[in-house]
Amino acid sequence: ERKTPLSEALALATGRRPIVNPNEGFLRCLAEYERELTGERSGVYIPQQAPAGGGGAPDLPPYWAAVGPPVASRATLSVRKGGEELDSLPIGEHAVYTFGRSLTCDVQLEHASASRVHAALVHAQDGGLYLLDMNSSHGSFVDGAKLKPCERCGPLRDGSEISLGASSRRYVVRGVAAAAAAAAAAA
């Protein structure tokens with residue numbers, strides 16, 4: 001008997017990481033993917049959102065997000081740990097970038113203190129770049145100051161340092177100064 005993609009994926013996940021117990025959401029996503037492979041349905045599985053105002057995370061994109069291409073199109077995040085630069089991530093192409101443990105996030109976080117969808121970087125209509133905490137369990141920080149759950153911080157400036165949860169990685173914003181000046185001049 002041939003195993004289904006769901007049972008194969010579940011066996012692979014639990015076999016490779018026996019300390020991880022896949023949660024209900026993970027199993028639902030695998031079941032939806034299996035249905036897609038067998039032709040029962042097509043498209044992308046999107047979990048049902050919690051009703052607005054229910055104390056959950058803010059809606060993405062927020063109403064104040066940029067509609068067209070972001071003003072700070074050359075913005076980047078310098079990923080640092082222990083004073084050493086590990087990577088540079090471009091963050092100027094889309095209006096919203098998400099951070100978290102979920103595979104659907106733009107930047108996946110591996111630290112145990114990170115929430116599934118922990119925070120979002122949002123290019124706003126006013127040309128600024130903002131960090132939005134997505135009601136994370138262990139907090140989002142900008143320049144050492146902790147954001148309240150669902151709070152946004154910004155506009156961020158060149159050199160603003162973002163940290164998420166208890167992770168020692170730091171994300172340093174680069175390339176927003178010229179964009180902010182251009183947006184201010186246009187206003």
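The values are calculated or read from the model by the stated rules, or taken from the named source; none is laboratory data. These numbers were taken from a predicted model, which means no experiment stands behind them. Cβ atoms come from the backbone with ideal geometry, glycine included; neighbour counts cover every protein chain shown. Heavy atoms of the whole protein, side chains included, go into the accessibility calculation; ligands, DNA and RNA do not. Shrake-Rupley method; radii C 1.70, N 1.55, O 1.52, S 1.80 Å.
Descriptive notes on the structure:
- First in the stretch 149-168 and more than 17 Å from Thr98 (Cα to Cα), second anywhere and among the β-branched types (Val, Ile, Thr) and at pLDDT 95 or above, Cβ under 8 Å, 6 or more apart: Arg157/Val173; Asp158/Val173; Gly159/Val172; Gly159/Val173; Ser160/Val142; Ser160/Val172; Ser160/Val173
- Boolean, Leu60 is in a loop (DSSP other than H, G, I, E, B), at pLDDT 70 or above and of a type in the set (A, V, I, L, M): yes
- Members of the stretch 81-105 that are closer than 19 Å to Gly159 by Cβ, open to solvent by less than 70 Å² (accessible area, probe 1.4 Å) and of a type outside the set (Phe, Trp, Tyr): Gly83, Ser88, Leu89, Ile91, Gly92
- Qualifying residue in the stretch 90-111 (condition: basic (Lys, Arg), touching a strand residue (DSSP E or B) at 6+ places or on another chain (Cβ under 9 Å) and in a loop (DSSP other than H, G, I, E, B)): yes
- When the stretch 153-167 is filtered for residues that are open to solvent by 60 Å² or more (accessible area, probe 1.4 Å) and assigned to a loop (DSSP other than H, G, I, E, B), the ones remaining, listed by number, are Pro155, Arg157, Asp158, Ala166.
- Test: residue in the stretch 78-85 that is outside any strand (DSSP E or B) and at pLDDT below 75: no
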